[in-house]
Amino acid sequence: MQWKWIVLGLLLWLTALPAAGAPVSDETYECLDCHAAIQPGLVADWRNSRHAAVTPFEAMQKNPLSRRMSNDSVPETSLNVAVGCAECHLRRPEAHADTFEHNGYAVHTVVSPADCAACHRTEVEQYSRSLMSHARGNLIGNPLFTDLERTISGAMTPADPRHDFKAPDEETRAETCFYCHGTRLRATGTVIRDTDLAGELEFPVIDGWPNQGVGRINLDGSQGACTPCHTRHAFSVETARKPYTCKECHIGPDVPVYKVYAASKHGNLFESTKADWHFDRMPWTVGRDFTAPTCAACHISLLATPDEDVIVPRSHQMNDRLPWRLFGLIYAHPYPSHPDTSRIRNSQGAPLPTDFDGNPAAPYLIDAAEQEKRTNAFKSICLTCHATGWTNAFWKRFENAIETTNAATLTATRILSDMWSAGCVDTGSRFDEMPEKWWQDIWLFYANTARFAAAMGGGGDYGVFANGRYQLNRRLVELEHLRRRCRGTDGSP
Amino acid sequence: MQWKWIVLGLLLWLTALPAAGAPVSDETYECLDCHAAIQPGLVADWRNSRHAAVTPFEAMQKNPLSRRMSNDSVPETSLNVAVGCAECHLRRPEAHADTFEHNGYAVHTVVSPADCAACHRTEVEQYSRSLMSHARGNLIGNPLFTDLERTISGAMTPADPRHDFKAPDEETRAETCFYCHGTRLRATGTVIRDTDLAGELEFPVIDGWPNQGVGRINLDGSQGACTPCHTRHAFSVETARKPYTCKECHIGPDVPVYKVYAASKHGNLFESTKADWHFDRMPWTVGRDFTAPTCAACHISLLATPDEDVIVPRSHQMNDRLPWRLFGLIYAHPYPSHPDTSRIRNSQGAPLPTDFDGNPAAPYLIDAAEQEKRTNAFKSICLTCHATGWTNAFWKRFENAIETTNAATLTATRILSDMWSAGCVDTGSRFDEMPEKWWQDIWLFYANTARFAAAMGGGGDYGVFANGRYQLNRRLVELEHLRRRCRGTDGSP
Amino acid sequence: MQWKWIVLGLLLWLTALPAAGAPVSDETYECLDCHAAIQPGLVADWRNSRHAAVTPFEAMQKNPLSRRMSNDSVPETSLNVAVGCAECHLRRPEAHADTFEHNGYAVHTVVSPADCAACHRTEVEQYSRSLMSHARGNLIGNPLFTDLERTISGAMTPADPRHDFKAPDEETRAETCFYCHGTRLRATGTVIRDTDLAGELEFPVIDGWPNQGVGRINLDGSQGACTPCHTRHAFSVETARKPYTCKECHIGPDVPVYKVYAASKHGNLFESTKADWHFDRMPWTVGRDFTAPTCAACHISLLATPDEDVIVPRSHQMNDRLPWRLFGLIYAHPYPSHPDTSRIRNSQGAPLPTDFDGNPAAPYLIDAAEQEKRTNAFKSICLTCHATGWTNAFWKRFENAIETTNAATLTATRILSDMWSAGCVDTGSRFDEMPEKWWQDIWLFYANTARFAAAMGGGGDYGVFANGRYQLNRRLVELEHLRRRCRGTDGSP
């Protein structure tokens, strides 16, 4: 009986064992002194984080494959302390427009990738080459997309003979497209608040805040954000490697990748066996740490074999294994060669990666050689579990799905073009009337879904009944029904 | 080698350690004697429950913050025994219309909140002030809502010149709206069944049973049910604190809060890190027991800081931190001041919380001061992890979403009103024709979804493409298309 | 301090304890020698599997209730070795059209149920009586269903006066219906590939591969596949017992059973408490190993009480507890009596299990006595947790839902029939025009969803707003709107 309690005690003690914890700087100590009481949730996340447990010096001793920190040096003062409040929120005070005096320190609220680059420069640089870091500009710098946005998030104003849409206000924009794409932050002044612990204090007022969009424009002029995936204040790679993180912006129906993944064999294995996986290891070892890919495994993480051979390197560029851009605007197409897609012009001069008939705007897209290189890089991941024959046949079907869904989009575009030509639909905006909305459904939801289902082995329902080909063909038939009615060829009385 | 097996043995023994178990009453012992064999699943749930492990006497010794039981006394006979079968199913036999003689005892099948009040009176009283406990009456006592229900769950009867809908039968009702809202239970007689263990026995027949709807009318006349959330027979607070419980009735698309939550940062953290959380602790401590809110954290649970400061008290009223009712019927509006919403009359005398143009039925809704009080109570939860600036800006966007989605509903209502006025749509029922169904989609699904996305930080897809503003505007355009066609202003041939 | 590290060390050592592992055959050893390096993920799955840990001889020593292997003998050479690569991929080389010479062995890529029957004959035989094993033929052998498939997965070809659909190509088919239903595999030749470890090698080329569809036609002529549920190469019963496996093909909206389950009380308990369940035990004991059913519990697994009484036997036939087929084609109906449903003819000679008015094709369906037998078998599972009164009332509502949703389908069919009769809709194909698509929505999505919600206690949203009766009645009203417009009875100008 006694033994039982001794062992039970030991167990409890061991499981309750706190992370050893690195020493904190004096500045961070002072921050924690108040904020641990004011914001216990936030501080607890940090306390349980690797940033609180390991110093940059210790992080740099790891062997190359196990390194989480890419820089080889950090400022002397940060070298042997935990990466705490001060190490991030006091960095480069002169660079941040929201820097304010707070308890004797020059603090800024919004930490940017340029701050994170103090330790993670390689990742920040890679990320700057991803489309995600340009997500705001790629939308707001493209007149066609902002017109589409207006008809989605703006207020409809009925009027005869034609309704219209007002541009959405900034509060709405921050909650809709730019929730994920990222707001532009602007320090617009200060406000004085009465605080529990320190009486009246002055704080900056920041337009566009809060926001964790991937292409946020920060107050030091940098663009992008690390926190959408490496959630504050744990910044946990475990969380980033789980598909729930990607789900925040990719539940669909425009990019339904989380849903497709969750219904795939890979998603089944993740949910069924994840309790036995190790999401925190570096490198991430196939067969030992995990036995089916998550989003991160295919698109970002450094993967290795149990023999420590590198399968693919870490990539925060995220598209260097992507030969195709599946998110059809309006057709799927070879991946853009530059992350700033607002520069793209198709052969008609419109800011689209393809013509209206699907012909790619080749000068702005990667070429066949680069596509092949990326394809092979991607397949090298598949091949750690699947045979070459399997992998190649899978890929062939996937590219067939690109072709057939692009063809369906072309069919829809031709039907609508006929209505435009015939004056059935006004051409002032290409997005604001019923047939135009139905056309959008086809490429934005159904063709995309069918392609993502093909890409991620989540065929079955997402390829067919769950916003897939069933709905695509239904919409085509409905659109054609409208066209015939307008053209007087429907034989209706 | 030997050591290994000793420690392994100890571990197995410890993990298999049964809950110590409180002594059971003689009556409960007799129940278990048969039912453990007949219904092993049900009995196992109870055996693993806190009800089986702790006596009321022990429960009352806890310090106030750790109390799970609100009463300070219980009947002497229940004081030092487990809360077993008999303690609930033999309570107040005279009060229950389904009480029947069973093996010498006066047993009732359906345990009601009034029974639970023997130990949990405070929670039962709070719950009686929630809209949930009135969910049945609020639907069935409102002629507009029952007309809506008829067109949803009833059978369509096509007929020229106008189709109609039959009222749904009671079996269908128990499976549709009243599955969640609650059935009215009625003891209608008895039946004799041949049983394996005791031969022929008589049992009550109960109309409307089974049902775990939140506003169930019980056989002792009480209304409400505890078991929708505190699932029989474990009655587990762990389960009630997980969002899967709320999902049972709130998957949407009318109130898509589970989906919105699951795609939010909070939902991501819950799914990604829940294995390290403690869902059973009392009080529920921010940063120690959990690091992101679940439904219960914001709406119900007693939350504390690690220093044992109370952040918010426990509330089974569930709406005392809710300034707004987002579920637009047909507009979002200040929260009703009384849980019986069937009393509400708008300025036109209709049983709706707003006029048809969105003007609130103010006498029946909380006033601005109460709204502010509830807002501040809610924000006190946000502030345990977020700064004041963040929290206020978030809230401002949320209230902007209420305003803009209400405006969109007004636009839809005006389009439909024009069709009603012009005789394009029959006004016998407001819910049974195509334009009316499309109008319902706008406020019941799309405006609601956009608001819940704003409320719960699940912006992105649910604010836009996933039954959000995209679909809202598409439906507006479609509705306007119908109006123009009917009004002859569509320029169609 | 020292103690802590000793115990921590012991714990780590114990948790890292590898499965002991059965001896591998010489042939398997040789396979692993290369493939462990080439495909570490695949090999790791196998190494962690029961196939790697237990020999057939050991498996046969288990008591009957705990047996996972149904055969009483296996080939001598396989008796005392792990079930490794060679034991499956070298079996019956003469039977498989994809057998190829590989490193001195006659290897086949695609392992079939006929191979698995070496140890699991009973399960293979049961499975051959399930509709799943006939899923390919039941679709492709039915001219009505292939016509439906054409309008879903084929390319629409607009043309005046009528559009049409092309039959989908084989790549598309493998990614859509036949992803789940199963492809027909065909060895069409060989290809030589340069490999890292062995230079140029010859491999078979297999049309239709990869595929894990339940009704796959294999290269030994057998039909069906075990791997859709018992995923390669772990073949884990734990995974098969979790609903994520079934979700791969049953996310809906045609058969939305995963969604319905996930929103039911059972699904809530699974998600909330699964960490404490034992998914690997044989038999699967109610109340000890799990406390709410998963898909497998009701449809497949051998369930026992804690006293080792069998509640229901294992059934890979999967339908011997199913009195009804809910998946309405086009009406729900008594379960087919033979798994090959392409034989069915209704009274009009069409390959449908009911007439167009819902009258069952009785000679091809089970009779009332068999329905009752299956109903009672099913209820015996419910009764392990629920009382008889509860269970019977639940079942009555469920059968009422079958009746009312069939009636709604009849209403829809009559509306459409009137349009067919009046020439509003062409009758060349029954599936390719707008009113026909809307009619499909009614029976394929909405009536099905309402029935599955009734069957699985996931009422509430899936019975009403989530593709349930709300959408069903909305579509009925829309369809009737079309009929009236065509018939000129809509009073429109």
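How large, in Å, is the range B:233-324 by the Kirkwood hydrodynamic radius built from its alpha-carbon pairs? Mean inverse Cα-Cα distance, inverted, gives 13.7 Å. With the convex hull drawn around the C-alpha atoms of chain B, the volume per residue stands at 208 Å³. Label-to-label distance, C:D276 versus A:R121, with points set 7 angstrom from Cα along the beta-carbon direction: 5.3 nm. When you count the other C-beta atoms within 10 angstrom of each residue and take the mean per peptide, B:40-46, B:140-146, A:454-460 line up highest first as A:454-460, B:40-46, B:140-146. The orientation-averaged shadow of the Cα convex hull for the range A:182-285, equal to a quarter of the hull surface, comes to 10.2 nm². Taking the fewest neighbouring Cβ atoms within 10 Å as the starting point, the ordered list for A:H299, C:H316, A:H35 is A:H35, A:H299, C:H316. Each of C:S429, A:S301 was scored by other Cβ atoms within 10 Å of its Cβ. Arranged with the fewest first, they read C:S429, A:S301.
Can you put C:D355, B:D33 in order of Cβ neighbours within 10 angstrom, beginning with the fewest? Write down the numbers at each step before the final one.
Values: C:D355 16, B:D33 11.
The fewest-first ordering by Cβ neighbours comes to B:D33, C:D355.
Enumerate by residue number the trypsin sites (Lys or Arg not before Pro) in the range A:118-206 meeting two conditions: DSSP loop (anything except H, G, I, E, B), and at most 14 other Cβ atoms within 10 Å of the site's Cβ.
Values: sites: A:R121, A:R129, A:R136, A:R150, A:R162, A:K166, A:R173, A:R184, A:R186, A:R193; in loops: A:R129, A:R162, A:K166.
When the trypsin sites (Lys or Arg not before Pro) of the range A:118-206 are filtered for loop state and at most 14 Cβ neighbours within 10 Å, A:K166 remain.
Counts of other chain beta carbons within 10 angstrom of each beta carbon in peptide A:85-96 average 0. For the range B:158-273, averaging the sequence separation of C-alpha pairs within contact (under 8 Å, six or more residues apart) and dividing by the residue count gives a relative contact order of 16 percent. Label-point distances for B:D418 to the equivalent site in the other copies, using a point 7 angstrom along Cα→C-beta, read 3.0, 3.0 nm when ranked shortest first. Modelled spin labels at B:N359 and A:T427, positioned 7 Å past Cα toward Cβ, are 4.6 nm from each other.
With contacts taken as Cα pairs under 8 Å and at least 6 residues apart, chain C reaches a relative contact order of 11 percent. Calculated [222 nm] ellipticity per residue, helices only, for chain A: -12000 deg cm²/dmol; basis is -39500 (n - 2.57) per DSSP H run with n ≥ 4, divided by all residues, nearest 500. Distances from B:R288 to itself in the other copies, using label points 7 Å out along the Cα-Cβ axis, amount to 3.8, 3.8 nm in increasing order. The mean count of C-beta atoms from other chains within 10 Å of the C-beta of residues in B:153-166, rounded to a whole number, is 5. Per-residue mean of foreign Cβ neighbours for A:98-109 is 0 (Cβ atoms of other chains, 10 Å radius). With the label put 7 angstrom out from Cα along the Cα-to-Cβ vector, C:N63 ends up 4.9, 4.9 nm from the copy partners, going from closest to farthest.
Relative contact order of the range C:242-306, please, whole-number percent, based on alpha carbon pairs below 8 angstrom and at least 6 residues apart. Kindly include the intermediate steps, with their values, before the conclusion.
On the way: 64 pairs, mean separation 19.8, N = 65.
With pairs under 8 Å counted, the relative contact order is 30 percent.
Would you mind getting me the FRET efficiency between B:A95 and A:R288? Use the beta-carbon distance for r and R0 = 51 Å, nearest 0.05.
Details: r = 61 Å, r/R0 = 1.20.
For B:A95 and A:R288, the calculated efficiency is 0.25.
By how many nm would the segment from C:K379 to C:Y105 lengthen if fully extended, with 0.36 nm per residue of separation less the alpha-carbon distance?
This chain segment gains 93.6 nm when fully extended.
The loop-placed GluC sites (Glu not before Pro) in the range C:142-201, going by DSSP, include none that has at most 12 neighbouring Cβ atoms within 10 Å of its Cβ.
Is the shape of the range C:53-147 rounded, prolate or oblate, going by the alpha carbon gyration tensor and its root eigenvalues a ≥ b ≥ c, with a/c under 1.5 for rounded and a/b larger than b/c for prolate? Don't skip to the end; give the middle numbers.
Working: a/c = 3.62, a/b = 1.36, b/c = 2.66.
Oblate shape, in that a/c is at least 1.5 and b/c is the bigger or equal ratio.
Would you list the membrane-span-like helices of chain B, meaning whole DSSP H runs whose alpha-carbon atoms span at least 18 Å along their axis and whose mean Kyte-Doolittle value is at least -0.5? Intermediate values should be presented prior to the final figure.
Numbers: long enough: B:2-15 (20 Å, 1.18); B:26-38 (19 Å, -0.18); B:368-382 (21 Å, -0.84); B:388-421 (49 Å, -0.31); B:469-487 (26 Å, -1.48).
Going by DSSP H runs, the hits are B:2-15, B:26-38, B:388-421.
Taking only the Cα atoms of the protein assembly as shown, how large is their convex hull per residue, in Å³? Taking the convex hull of the Cα positions in the protein assembly as shown, it is 183 Å³ per residue.
None of the figures in this text is laboratory data; all of them are computed from the coordinates on show. Here the structure is a predicted model, which is why all the values come from computation and not from measurement. With ideal geometry, Cβ positions are generated from the backbone for all residues, glycine too; neighbour counts draw on all protein chains shown.
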